[in-house]
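In what follows, a structure is listed as structure tokens, so that the remarks can point back to it.
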Amino acid sequence: MPIAVRFQKLLPFSILCAALLPNIATAQTIDWTRTYAKASVGTNVGSLVKRDGNGNVIMAGTTSFGGFSQAFVRKYTSDGVLLWSVATDAVNAQEVLTGMAIDGTQNVIVSGWTAAPASSPRWMVLRITAAGGLSWMNSPVVGKANGVAASGSEAVVTGWADSAANGHDIYTVKYNAAGSTVWSARSNGTANGDDDGAAVSLDGSQNVYVAGSVKSSSGETQLRTIKYSSAGARLWLKFFVGPSLRAEASHIAAFQNGGCAVLGRMWDGVDPTTGNLTLTSYSPNGSLNWRKAYNGSGNLNDVPKGLAIDDLATIAIVAETYQSTGFSQMATLNYSTAGAFRWSKRLEDIKGIRPSGVAIDSQESFVVSATVGATDTDLLIVKYLKSGTRTWTHRIDGGSAGMDGANGVVVDPLLNAYIVGSAETTAGSLIEAILIKMH
């Protein structure tokens, strides 16, 4: 499919209305808001956010119109000044972004997939230089790239790739700075079914950790974790099926000194809507450090939505958990990297929350992003102190009675939070991608 890349000018941004929820002791201040829309109509969604080593903030997302979508990536200073904007001009195609990473020289690597009408999806991996130029765009295989990690001048991407003999395989590729494949690896379940790589992370020695799920010939769904050397040699493979022989991975975070934490869910073999969280820690040699489970108070479906670790031995988790009332709630959990459970918190006073991400700041506080509401949704940002005390909750309305939402969050060393999402600024016709800085 013909694809071109162009630079785009900054459009005037909308002013959002911020409304605080009741019973909050303190609240964040919105420093600035930036929005983006390709045209005066359509749906623009900011889905990913990262900070680079120079303190700049990168937002990535998609613009949808007429049943098709195009990807965009925009870089701002910490003061909200637009440095550059890059967008693809995919013709009659759908593009979806799934992951973003910053390499050692501040280049931006984005993973996702693209599909033309009546065609199978193909991987899509972009590398954009620190100055905003497109280095390369790869669509190497039929499948979907679901996650990316980067270090130095190289990037590692995982997802699934089609296999004529084996259905879908977990597929992992390492790219060099020129976009050439350094190595690739496949992992296949014994059922030769639809296996999937969900997430990838690197430790301090550039070893590669991949989490995903595979189907076995006995009918199990296995949560699979794989470690590769930086040269692509498989060092170990571990799997977990849970008590009901059904488990899948959603997130992975490698520890700086080796080993990793893997977040996923396990569920009843009959009813996949009754899942619980599972969190597993592996040592550098693949031995099991510990495994934890979480079942929400509603004893219904718990879905992992975010995982973060810091250098101070803290693991943060956010999950969507369902109650018997039918409303979704947000559960935030704190573990040590040694497996000690510290606390869990739910927002009992707010109904219908769909969390999207969590970040840990330099004081070990958690900042969580979410969407709240049903037909008239808003962005919701919540901060918990190290102790688990909720210090503030901020609900942001996009300016019309429409669909607004938060899709991710990052923090900087000065305790600022950057939230990415979307806001329906013109009721019924325009949804803009949004980036907000709060302090």
query: If you take the residues in the stretch 110-120 that are surrounded by fewer than 23 Cβ atoms within 10 Å (Cβ to Cβ) and touching a Gly at 6+ places or on another chain (Cβ under 9 Å), which one is farthest from Trp160 (Cα to Cα)?
result: Pro117
- request: Filter the stretch 141-160 down to residues that are under 20 Å from the mean Cα position of the chain (by Cα) and of a type in the set (Gly, Ala, Ser) and give me whichever is nearest to Ser120 (Cα to Cα).
  value: Gly143
task: Give the residues of the stretch 169-184 that are over 22 Å from Lys75 (Cα atoms) and in contact (Cβ under 8 Å) with a residue 12 or more places away in the chain, sorted by residue number.
output: Asp169, Ile170, Tyr171, Thr172, Val173, Lys174, Tyr175, Asn176, Thr181, Val182, Trp183, Ser184
task: Identify all residues within the stretch 188-203 that are out of contact with any Asp or Glu (no Cβ under 6 Å at 6 or more places or on another chain) and either of a type in the set (S, T, N, Q) or outside any loop (DSSP other than H, G, I, E, B) (or both); write none if there are none.
output: Thr190, Asn192, Asp194, Asp196, Gly197, Ala198, Ala199, Val200, Ser201, Leu202
- request: Could you give me the residue pairs with C-beta distances under 7 Å whose first residue belongs to the stretch 294-306 and is under 12 Å from Gln323 (Cα atoms) and touching a residue at least 24 places away in the same chain (Cβ under 8 Å), whose second residue is buried (at least 19 other Cβ atoms within 10 Å of the Cβ) and among the charged types (D, E, K, R) wherever it lies, and which are 6+ apart or on separate chains?
  value: Gly296/Asp302; Asp302/Arg265
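For every residue, the table says whether it meets (1) modelled with pLDDT under 95; (2) closer than 20 Å to Ala293 by Cα; (3) within 21 Å of the chain's Cα centre (by Cα).
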{"residue": "Ala319", "(1), (2), (3)": "no, yes, yes"}
{"residue": "Thr325", "(1), (2), (3)": "yes, no, no"}
{"residue": "Gln329", "(1), (2), (3)": "yes, yes, yes"}
{"residue": "Tyr335", "(1), (2), (3)": "no, yes, yes"}
{"residue": "Arg342", "(1), (2), (3)": "no, yes, no"}
{"residue": "Ile350", "(1), (2), (3)": "yes, no, no"}
{"residue": "Pro355", "(1), (2), (3)": "no, yes, yes"}
{"residue": "Ser362", "(1), (2), (3)": "no, no, yes"}
task: Please work out if Gly212 is at pLDDT below 95, farther than 25 Å from Asp52 by Cα and buried (at least 24 other Cβ atoms within 10 Å of the Cβ).
output: no
field: Filter result (part of a strand (DSSP E or B), at pLDDT 95 or above and either more than 12 Å from Met438 (Cα to Cα) or of a type outside the set (Phe, Trp, Tyr) (or both)) within the stretch 395-422
entry: Gly405, Ala406, Asn407, Gly408, Val409, Val410, Val411, Ala417, Ile419, Val420, Gly421, Ser422
query: Just checking, which of Ala164, Ala198, Ala185 is of a type outside the set (Asp, Glu) and either surrounded by 24 or more Cβ atoms within 10 Å (Cβ to Cβ) or on the phi > 0 side of the Ramachandran plot (or both)?
result: Ala198
message: Looking at the structure I just gave you, is Val262 crowded, with 16+ Cβ neighbours inside 10 Å, β-branched (Val, Ile, Thr) and under 19 Å from the mean Cα position of the chain (by Cα)?
response: yes
task: Looking only at the stretch 277-286, decide whether some residue is over 23 Å from Ile226 (Cα atoms) and touching a Ser or Thr at 6+ places or on another chain (Cβ under 9 Å).
output: no
statement: Within the stretch 301-326, the count of residues that are hydroxyl-bearing (Ser, Thr, Tyr) and either in contact with an Asp or Glu (Cβ under 6 Å, 6 or more places away or on another chain) or in a strand (DSSP E or B) (or both) comes to 3
query: Which of the strands (runs of 3 or more DSSP E) contained wholly in the stretch 1-116 include at least 2 residues that are at pLDDT below 90?
result: 5-7, 17-20
task: Might you let me know whether the stretch 371-380 holds any residue that is crowded, with 18+ Cβ neighbours inside 10 Å, of a type in the set (S, T, N, Q) and either part of a strand (DSSP E or B) or over 18 Å from the mean Cα position of the chain (by Cα) (or both)?
output: yes
query: Out of curiosity, is Ser184 at pLDDT 95 or above and among the polar types (S, T, N, Q)?
result: yes
query: Val157 is checked against (1) out of contact with any Ser or Thr (no Cβ under 7 Å at 6 or more places or on another chain); (2) modelled with pLDDT of 95 or more; (3) β-branched (Val, Ile, Thr) and fails just one. What number does that condition carry?
result: (1)
query: When you scan the stretch 155-168, how many residues do you find that are in contact (Cβ under 8 Å) with a residue 24 or more places away in the chain and farther than 18 Å from Ile252 by Cβ?
result: 7
statement: Just one listed residue, out of Ala247, Ala316, Ala261, Ala253, is farther than 24 Å from Ser387 by Cβ, touching a residue at least 24 places away in the same chain (Cβ under 8 Å), of a type in the set (A, V, I, L, M) and in contact with a strand residue (DSSP E or B) (Cβ under 6 Å, 6 or more places away or on another chain), and it is Ala247
- request: Evaluate the stretch 120-130: report whether one residue or more is among the aliphatic types (A, V, I, L, M) and not in a strand (DSSP E or B).
  value: yes
message: Leu300 - would you say it is over 22 Å from the mean Cα position of the chain (by Cα), at pLDDT below 95 and over 25 Å from Glu364 (Cβ atoms)?
response: yes
message: Suppose the filter is surrounded by 18 or more Cβ atoms within 10 Å (Cβ to Cβ), of a type in the set (Lys, Arg) and in a strand (DSSP E or B); does Arg354 pass it?
response: yes
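The values are calculated or read from the model by the stated rules, or taken from the named source; none is laboratory data. Note that the structure is a prediction, hence the values are computed from the model and not measured. Cβ atoms come from the backbone with ideal geometry, glycine included; neighbour counts cover every protein chain shown.
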